[in-house]
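Taking it in order: structure first as structure tokens, then the write-up.
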Amino acid sequence: MADETLDCKGLICPRPLFETLKRLKRMETGKTIEVVGDYPFSKSEITEAMEKLGHEVVSVSEEGGTWQIVIRKRR
Amino acid sequence: MPKLTLVVFSGDFDRAFVAFTIASRAAAEGWDVLMLFTFWGLGIVRDPNRTVPKTAEAEKAFDSALARGADDLRISQTSMADLGTTMMKEQMSAKKMLPIREMMKEAKEFGVKFLVCNIPMELMGVRREEFVDEVDEVCSVGRYLEEAKDADVNLFI
């Protein structure tokens, strides 16, 4: 279970990524967040951006058009 | 980290939308991003509550021709008596996108630097005190070129 959740369902690119980044900024290092969304492009956009920014992508899953990404803040 | 500069010449709603989207997208990934607002782009960074009285005819004319801030922009096409702009704003709201003014604040939060070119300010009689707080500095073209010469991507919008 992640420390926080962020519901991005109904948001289109690039809102899910931007909302994820703004929330990460306010979190403590080491904490995890589960981001949930349904816009297809945003799933890869978020995971790729997290890797570039040095955060850990703990898990990625998808079911019925809704995806979940769990991220651990690393810096 | 890569560096991006954008020269925002246009004061069109759709071009401003694209400019802030690209700027924020890059800054969100840690890029060093700078936006230079020039000519009609000055209207985007004007604060509608910070008006300065103008007396010269040319200054008055440009004062009314320039947008009064990011919420006063119009789209460049299908702007039938501004219906296009209204419809686009409704679409953006329906898709839960931010208004342009909020996109500007978000870009700032992601670390985008805001510069305004001094030349059109002189030509159109726009004062430093008319701008929103997000504007970091008024600068010369030379200052912009110093930034642009080692940037990885330079865009003119």
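For chain A, the longest principal axis of the C-alpha atoms and the axis of helix A:40-53 are separated by about 20°. Using a 1.4 Å probe on protein heavy atoms only, how many Å² of accessible area do B and A hide from each other, summed over both chains and rounded to 100? Chain pair B/A: roughly 1400 Å² of buried accessible area. Near B:Lys105, which lysines are there with a Cα under 17 Å away, not counting those fewer than 8 places off in the same chain? Once the sequence-local lysines are set aside, what remains near B:Lys105 is A:Lys22, A:Lys25, B:Lys96, B:Lys113. Which residues, if any, in region B:85-123 lose at least 50 square angstrom of accessible heavy-atom surface (probe 1.4 Å) when the other protein chains sit next to their chain rather than the chain being alone? Buried on complex formation: B:Lys96, B:Met97, B:Glu106, B:Glu109, B:Phe110. Between amide H atoms placed 1.01 Å from N, distances below 5 Å from A:Thr5 occur with A:Glu34, all of them 5 or more places distant or on a separate chain.
Surface analysis of region B:72-152 yields an accessible area of 54 Å² per residue, using protein heavy atoms and a 1.4 Å probe. Of the accessible area of chain A, computed with a 1.4 Å probe over protein heavy atoms only, carbon and sulfur atoms account for 46 percent. Using a cutoff of 8 angstrom between alpha carbon atoms and counting only pairs six or more residues apart, the relative contact order for region B:1-136 works out to 34 percent. The slack between B:Glu137 and B:Ala65, meaning 0.36 nm per residue of separation minus the straight C-alpha distance, is 23.6 nm. Using the Cβ-Cβ distance between B:Thr55 and B:Leu123 with R0 = 22 Å, the FRET efficiency computed as 1/(1 + (r/R0)^6) comes to roughly 0.85.
A simple spin-label model places the labels of A:Lys9 and A:Val60 2.1 nm from each other, with each point 7 Å out along Cα-to-Cβ. Rg over Rh for chain B works out to 0.97, using Cα positions for both radii and the Kirkwood form for Rh. Over the residues of chain B, the helix contribution to mean residue ellipticity at 222 nm works out to -11500 deg cm²/dmol, using -39500 (n - 2.57) for each DSSP H run of at least 4. Taking amide H atoms as placed 1.01 Å from N in the peptide plane, the amide H of B:Asp47 lies under 5 Å from those of B:Phe131, B:Val132, each 5 or more residues away in sequence or on another chain. For region A:11-27, a decrease in accessible area of 30 Å² or greater in the assembled protein chains relative to the isolated chain, with a 1.4 Å probe, applies to A:Leu11, A:Ile12, A:Pro14, A:Arg15, A:Phe18, A:Leu21, A:Lys22, A:Lys25. GNM, chain B, Cα, under 10 Å: largest mean-square fluctuation among B:Ala27, B:Ala67, B:Ala58? Among B:Ala27, B:Ala67, B:Ala58, the largest GNM mean-square fluctuation belongs to B:Ala58. Remark: relative contact order (chain A) = 35 percent; criterion is Cα-Cα distance under 8 angstrom and separation of 6 or more residues.
Each label point was placed 7 Å from the Cα along the Cα-to-Cβ direction; for A:Arg74 and A:Leu53 their separation is 1.3 nm.
The values are calculated or read from the model by the stated rules, or taken from the named source; none is laboratory data. Since the structure is predicted, the reported quantities are computational estimates derived from the model, not experimental observations. Cβ coordinates were reconstructed from backbone atoms using ideal geometry, including for glycine residues, and neighbour counts include every protein chain displayed. We work out accessible area using only protein heavy atoms, side chains counted, and drop any ligands, DNA or RNA first. Shrake-Rupley method; radii C 1.70, N 1.55, O 1.52, S 1.80 Å.
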